[in-house]
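Some notes on the structure that comes next.
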Ligand code: GAR
C-alpha cells in the first residue's frame, strides 16, 4: 500500500544520505516513501543508488536551461505530479530560489556537515578539522534562499580529537545518516 508521506530527495553526488533515507523508508523505520530523486549531475553515483531502490530520477543539467527559474519551474511541476509532501536536500550543491520556495517553503530540509552557523558552504568537514576546534557536528535545518541558512532543526556534536581527517569524515557521515532519519520522523504524518 502506498505510504502517506511522499518525499523527494535532491542530490548532486555520492548519495549516502539519499540511501540512508531510502533504506529507512523501505525498512519501515519511517512512515514515508521516497518517490523521486532530483539530480543536477548526470554522472552522480546517487543515480545508481536510486535505480537500486527503483526510485524514479529527474536528471537535469542547469547549463541546458536559460535560468534557475526555468529548471525550478520544471521541478515544481514534477513535485506536484508526484504529490510531494517533503523535500530533502542531501548534498544538493545549489541554492534554491523563490520558484521552489513559494510552493514548498517550510517543507524543504537540508543537512550540513558542521554545527551551523559555523563552517557554512563547501568542504565544511575539512575546514573544521583544520581550524583546531575540538568539536564539530551535523545540522539539519529548514531551507531558505541563503547558503546553509534557515531555521535549525537538530544538531549532533562529533568530537574531532584523536582522529585523522578520514576518521572524522566517517564519523560525520554516520552522524548524518542517523540525524536525518530522526529529523524526518518529526515531520511525517503518522
Ligand atoms: C553531506 O556531507 C552533506 O551534509 C553535504 O554534502 C554531503 C553529501 O554526501 N552537504 C552540504 O555540504 C550542503 N551544504 P552524500 O552525497 O554522501 O549524501
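Points worth noting:
- Measuring between their Cα centroids, segment 132-157 and segment 4-48 lie 20 Å from each other.
- Principal semi-axes of the equivalent ellipsoid, √(5λ) from the alpha carbon gyration tensor of segment 1-63, are 21, 11, 9 Å from largest down.
- Once C-alpha pairs closer than 8 Å and six or more residues apart are averaged by separation and normalised to the residue number of the chain, the relative contact order reads 22 percent.
- Label zone (residue 76, point 7 Å along Cα-to-C-beta; backbone nitrogen cut-off 19 Å) within segment 98-114: 98-109.
- Volume per residue that the Cα convex hull of the chain spans, once the total is divided by residue count, Å³: 116 Å³
- Kirkwood-based Rg to Rh ratio, segment 44-125, C-alpha trace: 0.97
- Largest-first principal axis extents, alpha carbons of segment 31-76, Å: 35, 25, 11
The numbers here are math on the coordinates, done by the rules we state, and not lab data. The structure presented is a predicted model; accordingly, all values stated were derived computationally and were not measured. Here Cβ is always computed from backbone atoms with ideal geometry, including for glycine, and neighbour counts include all displayed protein chains.
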